[in-house]
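The block underneath contains the structure these notes are about, expressed in structure tokens.
The values are calculated or read from the model by the stated rules, or taken from the named source; none is laboratory data. Predicted model, so just to flag it, every value in this text is computed and none were measured. Glycine also receives a Cβ, built like all others from the backbone with ideal geometry; neighbour counts cover every protein chain displayed. SASA here: full protein model, heavy atoms, side chains in, ligands and nucleic acids out. Shrake-Rupley method; radii C 1.70, N 1.55, O 1.52, S 1.80 Å.
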Amino acid sequence: MVLGKIPACDNGGMSERGPIEYWLSDMDGVLVHEGRPVPGAEEFIRRLAASGKPFLVLTNNSIYTRRDLSARLAAAGLAVPAESIWTSALATARFLADQRPQGSAYVIGEAGLTTALHESEFTLTDIDPDYVVLGETRTYSFSQITRAIRLIEGGARFVATNPDPIGPSPEGSLPACGAVAAMITRATGVEPYFVGKPNPLMMRTALNRVGGHSESTAMIGDRMDTDIVAGVEAGLETILVLTGVTGKDEIARFPFRPGRVVDSVADLIDLV
């Protein structure tokens, strides 16, 4: 589909942007859905790789390392190298390393988060840590949550990888990082600092990774309340695809607008 025929929202007089030279894309709901590739995603990724334009696949999921995610995408037929993946765990580790180099943290999470923190030279400990860091895990432990509460009460700073309240599973919704963070906040009175989307900090760290500029970078997402608002706040071109969470009839409910609305990434292939 050519540029002029892509359905777009009325931008209310926003200035025309230049060509897209850098691409950021959410993963679930944009490239894959329930472990299967979204129609057009394979060709879109192939076209991006052939173009030489820098791109990153972003996800709030902090469970997996980027090597793990690259393998999972490959199993779905999408050739995304590990270095082209940016997770909330990596963004959190980068943020903490900038704030307190070689600091310490008590972590609730899995390999994606613990590996990122180790690679950032953080010490993982439950003895007087600088931070309590909450991420995603398949099995939240009551004893770990209790320990986190007591450490925060003792002065540890509270950071969480992402605010998502629920996550998907074959059996239905599961409580996710945001829901567990709310429980810890209720117990301690301490709000966490969420690093992942919609925090524009994740967008800025991703921009730094690709060496891009906001005026020439696009963010593709399937959720208005995370992907699109994060892109808007970071000054990026925003593109909403209708293959995930937000439906077309829900867009008008939000006080911000995506730059474009398309059925799927298949409609973006000719822009690369």
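Consider only pairs whose beta carbons are under 9 Å apart and that are at least six residues apart or on different chains; among these, list those whose first residue lies in the stretch 196-224 and is closer than 16 Å to residue 19 by Cβ and without any contact (Cβ under 8 Å) to a residue 60 or more places away in the chain and whose second residue is open to solvent by 30 Å² or more (accessible area, probe 1.4 Å) and of a type in the set (Lys, Arg).
214/204
Go through the residues of the stretch 111-121 one by one and say whether even a single one is surrounded by fewer than 17 Cβ atoms within 10 Å (Cβ to Cβ) and either touching a His at 6+ places or on another chain (Cβ under 9 Å) or of a type outside the set (D, E, K, R) (or both).
Yes; the residues of the stretch 111-121 include at least one that is surrounded by fewer than 17 Cβ atoms within 10 Å (Cβ to Cβ) and either touching a His at 6+ places or on another chain (Cβ under 9 Å) or of a type outside the set (D, E, K, R) (or both).
Does residue 269 qualify as being open to solvent by less than 30 Å² (accessible area, probe 1.4 Å), touching a strand residue (DSSP E or B) at 6+ places or on another chain (Cβ under 7 Å) and β-branched (Val, Ile, Thr)?
no
Those residues that are open to solvent by 20 Å² or more (accessible area, probe 1.4 Å), at pLDDT below 95, in contact with a Gly (Cβ under 9 Å, 6 or more places away or on another chain) and hydrophobic (A, V, I, L, M, F, W, C), I need them from the stretch 178-231; list them, please.
Matches in the stretch 178-231: none.
Looking at the stretch 30-47, I want the residues that are of a type outside the set (A, V, I, L, M, F, W, C) and have a partner that is assigned to a strand (DSSP E or B) and open to solvent by 100 Å² or more (accessible area, probe 1.4 Å) with Cβ atoms under 7 Å, at least 6 apart or on another chain. Which pairs are those?
Close Cβ pairs (under 7 Å, with a partner that is assigned to a strand (DSSP E or B) and open to solvent by 100 Å² or more (accessible area, probe 1.4 Å)) do not exist here.
Any residue in the stretch 90-109 that's free of Cβ contacts under 8 Å to residues at least 40 places away in the same chain: show its pairings with residues that are open to solvent by 20 Å² or more (accessible area, probe 1.4 Å) and of a type in the set (Val, Ile, Thr) at Cβ separation under 6 Å, as long as the two are six or more apart or on different chains.
Close Cβ pairs satisfying both conditions: 104/123; 104/125; 107/114.
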